[in-house]
Structure formats: structure tokens, C-alpha cells
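This report concerns only the one structure given below.
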Amino acid sequence: MSLLTFLRKADKCTIKRIFFGGAVLSWCICIFLLSAENATESSMTSGGVIRFFCTLLVPEFVTDSEAERLQMINSLQFFVRKAAHFTAYMILGFLAAQVFMAMPRLKNVFRMCLGAWGFSILYAISDEIHQNFVPGRAMQLRDVIIDSTGALVGVVLSYAVSMAVLRRHSKAALGDKKNTP
């Protein structure tokens with residue numbers, strides 16, 4: 001069966017599950033690859049992100065000495081790393097919620113959201129266990145808590161976006177019915 005034939009025959013939920021399932025898998029691979037960086041590589045990655053944003057947002061950063069720039073980068077490392085944890089898992093929670101909301105058998109929205117959040121928490125735990133085997137990295141409960149909180153925010157955002165889209169489509173459908181003779 002060709003892709004076009006499949007897309008014509010598949011319902012919207014199936015297509016949504018496949019699309020967002022692929023997005024979840026891709027995002028999990030990105031998280032895994034970032035977690036596989038040793039301590040030096042990880043510091044260089046976050047340091048590069050900090051350097052990029054400081055160059056854009058802090059005018060004196062480019063005129064400061066290299067020692068002053070390194071001091072600023074080092075002072076922001078902890079915050080940027082924790083914000084990256086939160087953001088990465090917020091995205092994972094959002095994507096996972098879209099997959100779970102496309103499962104009609106789960107009918108209960110609470111179960112869908114709980115399933116997406118549970119999946120994200122389990123992935124966060126496995127990610128921390130993985131980091132325990134990477135040189136210079138360690139397993140930290142604090143990171144699991146930050147990841148879980150980010151995932152919860154992502155699930156809630158996903159639910160809110162889905163409800164807004166449903167309301168908009170419902171209003172549009174009601175408007176179409178009123179305009180038909």
C-alpha cells in the first residue's frame with residue numbers, strides 16, 4: 001500500500017498518533033544524545049548556548065575580556081542547565097500528551113494526561129540512570145523533579161491547546177449550520 005493510499009484510508013487519530021509518535025521518538029533520541037555527552041562536552045554545549053545568547057542580549061559581553069566572559073558563562077551554567085531540563089521535558093510532555101489524546105480507547109482525558117505525564121517521568125528516570133554511566137555525569141533526583149515538572153507543564157499546555165482547537169472547530173461548525181438554508 002502506498003503512503004498516499006494509507007493517508008486517504010487512515011482516520012485523523014491514526015495519522016495524529018503516527019506523526020506525534022514519531023516526534024516523541026525523535027525527541028527522546030535528542031534527549032538521549034545530550035545525556036550521552038560527558039561532563040566536558042556537556043559544559044561546552046551549555047556554554048556555547050550561553051555565549052550565543054549573551055552575545056545577542058548583553059551588549060557589553062562582546063567588549064568584555066575573555067576572563068570576564070568566562071566568569072559570566074560559569075555563573076549562568078547552573079540556571080541554563082536546569083532551564084534546559086525543564087524545557088526539554090515540557091516539549092516531551094506536550095508531544096506525549098498529543099499521542100495519548102489521539103487514543104480513542106482511553107476516553108477519559110485525565111487518564112490520557114496521566115499516561116503522558118507518567119511516560120515522561122519514566123523517561124526522565126531512565127535518562128538519569130543513563131547519565132550515571134556517562135563519565136563526569138551523575139544521577140540526580142533534583143533533575144527528575146525538574147523534568148517531571150516540565151513534563152506536567154507540557155501536558156497541561158497540550159490539553160489547553162487541544163481544547164482551544166476543539167472549541168474553535170465547534171464554533172466554526174455551528175456557524176456553518178446557521179448559514180445553510
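The values are calculated or read from the model by the stated rules, or taken from the named source; none is laboratory data. Here the structure is a predicted model, which means the values were calculated and not measured. Cβ coordinates were reconstructed from backbone atoms using ideal geometry, including for glycine residues, and neighbour counts include every protein chain displayed.
Could you tell me which of the residues 94, 100, 20, 32 is in contact with a Gly (Cβ under 6 Å, 6 or more places away or on another chain), closer than 29 Å to residue 156 by Cβ and in contact (Cβ under 8 Å) with a residue 60 or more places away in the chain?
Working: 100 fails: in contact (Cβ under 8 Å) with a residue 60 or more places away in the chain; 20 fails: in contact with a Gly (Cβ under 6 Å, 6 or more places away or on another chain); 32 fails: in contact with a Gly (Cβ under 6 Å, 6 or more places away or on another chain).
Only one candidate qualifies: 94.
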For this session: Could you tell me whether the range 28-36 includes any residue that is buried (at least 17 other Cβ atoms within 10 Å of the Cβ) and more than 17 Å from the chain's Cα centre (by Cα)?
Result: no
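Hey, can you tell me all the residues within the range 39-82 that are of a type in the set (Asp, Glu) and either at positive phi or part of a loop (DSSP other than H, G, I, E, B) (or both)?
Scanning the range 39-82 gives a single hit, 64.
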Exercise. Taking residue 61, is it more than 17 Å from residue 134 (Cα to Cα), surrounded by 15 or more Cβ atoms within 10 Å (Cβ to Cβ), under 18 Å from the mean Cα position of the chain (by Cα) and not small (Gly, Ala, Ser)?
Worked result: no
Exercise. Within the range 87-107, is even one residue at pLDDT below 95, exposed (fewer than 14 other Cβ atoms within 10 Å of the Cβ) and part of a helix (DSSP H, G or I)?
Worked result: yes
For this session: Report yes if residue 69 is buried (at least 18 other Cβ atoms within 10 Å of the Cβ) and basic (Lys, Arg), otherwise no.
Result: yes
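Take residue 45 and tell me if it is under 30 Å from residue 134 (Cα atoms), surrounded by fewer than 11 Cβ atoms within 10 Å (Cβ to Cβ) and either among the polar types (S, T, N, Q) or within 18 Å of the chain's Cα centre (by Cα) (or both). Working first, answer last.
Values: under 30 Å from residue 134 (Cα atoms): yes; surrounded by fewer than 11 Cβ atoms within 10 Å (Cβ to Cβ): no; either among the polar types (S, T, N, Q) or within 18 Å of the chain's Cα centre (by Cα) (or both): yes.
So residue 45 fails the test.
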